[in-house]
1. Looking only at region 173-182, count every residue that is free of Cβ contacts under 8 Å to residues at least 40 places away in the same chain, assigned to a helix (DSSP H, G or I) and either surrounded by fewer than 16 Cβ atoms within 10 Å (Cβ to Cβ) or more than 25 Å from the chain's Cα centre (by Cα) (or both) and tell me the total.
2. Please indicate, with yes or no, whether at least one residue in region 145-165 is part of a loop (DSSP other than H, G, I, E, B), touching a residue at least 24 places away in the same chain (Cβ under 8 Å), within 29 Å of residue 98 (Cα to Cα) and in contact with a strand residue (DSSP E or B) (Cβ under 8 Å, 6 or more places away or on another chain).
3. Can you list residue pairs whose Cβ atoms sit under 9 Å apart, with the first residue in region 77-100 being without any contact (Cβ under 8 Å) to a residue 40 or more places away in the chain and the second being surrounded by fewer than 14 Cβ atoms within 10 Å (Cβ to Cβ) and outside any helix (DSSP H, G or I)? Count only pairs 6 or more apart in sequence or on different chains.
4. If I filter region 6-31 down to residues being surrounded by fewer than 20 Cβ atoms within 10 Å (Cβ to Cβ) and within 21 Å of the chain's Cα centre (by Cα), which single residue comes out as nearest to residue 46 (Cα to Cα)?
5. Of the residues 222, 210, 252, which is more than 11 Å from residue 144 (Cα to Cα), surrounded by 11 or more Cβ atoms within 10 Å (Cβ to Cβ) and without any contact (Cβ under 8 Å) to a residue 40 or more places away in the chain?
6. Give me a count of the residues in region 233-254 that are out of contact with any helix residue (DSSP H, G or I) (no Cβ under 6 Å at 6 or more places or on another chain) and part of a helix (DSSP H, G or I).
7. Can you go through 203, 199, 153, 217 and tell me which one is closer than 15 Å to residue 51 by Cα, in contact with a helix residue (DSSP H, G or I) (Cβ under 9 Å, 6 or more places away or on another chain) and either modelled with pLDDT of 95 or more or surrounded by 15 or more Cβ atoms within 10 Å (Cβ to Cβ) (or both)?
8. Restricting the search to region 64-94, which residues are touching a strand residue (DSSP E or B) at 6+ places or on another chain (Cβ under 6 Å) and either more than 17 Å from residue 7 (Cβ to Cβ) or part of a helix (DSSP H, G or I) (or both)?
């Protein structure tokens, strides 16, 4: 059985040995956010935590407890979030502490990938690289496979949860909504992507998670400053049109404007 080194369960000499051996810190980051009637509010954290546990086992990393407080969650009465400035400060403080302890590589796995949340994570990761030499790969679980996999409450998020926690998926709660409406009325469904009733399966979830785990484990084993710089440059480029259209200096206002346009 593969050993999972959980920070909360380690004794000092065990953690010191792992850090000295170069073990990466594996930090899952979730959110408390509305994902429609068919998925739980904690989906982002559930997926990030499960992925992080598997990655830590595969890469010999130290698994940290999940952090659930995200910024710019979908506007909904049941979504919770913290202000962008507080979120950015929290991420930077956590990375500084991990570096102080002695970690040199960090896998920060974010189940939440709202545009501002992602951009602020990348900013913190790049700052940690520039000021401390800390190698931080901060991204959603499926991001290393391509941006096309980053949907919301749709095919890929639902498939992952069907593979990991099928007891929490309630696809029948979309029955009153036609397939056309599922992708066109996100204010009712939270679906941004393919209708999960038609496209999501546990088998797809297992397959895509395995591909992502291989990609992350391989990358952590040979991560470099140059690769990280190029990775974040590509990911930022995917957000350029969004920034030009919606961002006027206020992250929360930008997300609200985007959602008004998407939700109608």
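1. Qualifying residue count for the region: 3.
2. No, every residue in region 145-165 fails to be part of a loop (DSSP other than H, G, I, E, B), touching a residue at least 24 places away in the same chain (Cβ under 8 Å), within 29 Å of residue 98 (Cα to Cα) and in contact with a strand residue (DSSP E or B) (Cβ under 8 Å, 6 or more places away or on another chain).
3. Within 9 Å, the pairs are 99/133.
4. Within region 6-31, the match that is nearest to residue 46 (Cα to Cα) is 6.
5. 210
6. 12
7. 217
8. Matches in region 64-94: 80 only.
The values are calculated or read from the model by the stated rules, or taken from the named source; none is laboratory data. Predicted model only: the values in this text are computed from it and were never measured. Because the Cβ atoms are built from the backbone with ideal geometry, glycine has one as well, and the counts that use them run over all protein chains shown.
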